[in-house]
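All remarks here apply to the structure that follows.
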């Protein structure tokens, strides 16, 4: 009986540890411990008691999984493993540049660098070539793309 309980507890602990450990090794060992505990229960106590051990193990797994789904994601421990960053936001939107004027720092063929408001900015023209030193005006900002036109 001690071996059955030990295997079942070890399996449950290893499955719980799998939620924070990489590699799926702890989870695989946990499942093997649970299977081993049920198999030893069938071997030592017969089919009737083995069925009860199997049923208890399955109910325990289901109950533990439901509890884990309900409480783990909001727990303090889970916050250590949760990303707090924003996915997809690279912070390149610069609407303050719209309608500002500047000078092409490089030849814009159609992309290059312009000095706008004292800052070097990567820009794109509407399609036409703009020579270096030409005055330009920002007509649109689309994400990281700053579109300029020759003045």
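Using the structure shown, decide if residue 54 is touching a residue at least 24 places away in the same chain (Cβ under 8 Å), in contact with a helix residue (DSSP H, G or I) (Cβ under 9 Å, 6 or more places away or on another chain) and not in a loop (DSSP other than H, G, I, E, B). No; evaluated as a whole, the condition is false for this residue. When the criteria are applied in full, residue 73 meets the requirement of being without any contact (Cβ under 8 Å) to a residue 12 or more places away in the chain, surrounded by fewer than 15 Cβ atoms within 10 Å (Cβ to Cβ) and under 36 Å from the mean Cα position of the chain (by Cα). Within region 81-98, the set of residues being at pLDDT 80 or above and exposed (fewer than 10 other Cβ atoms within 10 Å of the Cβ) comprises 95 only.
Listed residues 133, 64; which is more than 30 Å from residue 35 (Cβ to Cβ) and either touching a residue at least 12 places away in the same chain (Cβ under 8 Å) or surrounded by 10 or more Cβ atoms within 10 Å (Cβ to Cβ) (or both)?
None of the other options fit; the residue is 133.
Taking residues in region 8-26 that are assigned by TED's automatic domain parsing to the domain that holds residue 73, and partners anywhere that are outside any helix (DSSP H, G or I) and surrounded by fewer than 16 Cβ atoms within 10 Å (Cβ to Cβ), the pairs with Cβ atoms closer than 7 Å and at least 6 places apart or on different chains are 18/24; 19/72; 20/81. For the subset of region 1-17 comprising residues that are part of a helix (DSSP H, G or I) and more than 30 Å from residue 80 (Cβ to Cβ), which member is farthest from the chain's Cα centre (by Cα)? Going through the qualifying residues, I end up with 2.
Every condition in (1) modelled with pLDDT under 95; (2) surrounded by fewer than 11 Cβ atoms within 10 Å (Cβ to Cβ) is met by residue 15 except one, and the failing one is (2). The criterion of at least 1 residues that are within 34 Å of the chain's Cα centre (by Cα) is met by the following strands (runs of 3 or more DSSP E) wholly inside region 79-151: 111-116, 119-125, 135-142, 145-150. Scanning region 18-51 for residues that are surrounded by fewer than 13 Cβ atoms within 10 Å (Cβ to Cβ) and not in a helix (DSSP H, G or I) yields 20, 21, 22, 23, 24.
The values are calculated or read from the model by the stated rules, or taken from the named source; none is laboratory data. Note that the structure is predicted; figures quoted are calculated from it, not measured. Backbone-built Cβ (ideal geometry, glycine too); neighbour counts: all protein chains shown.
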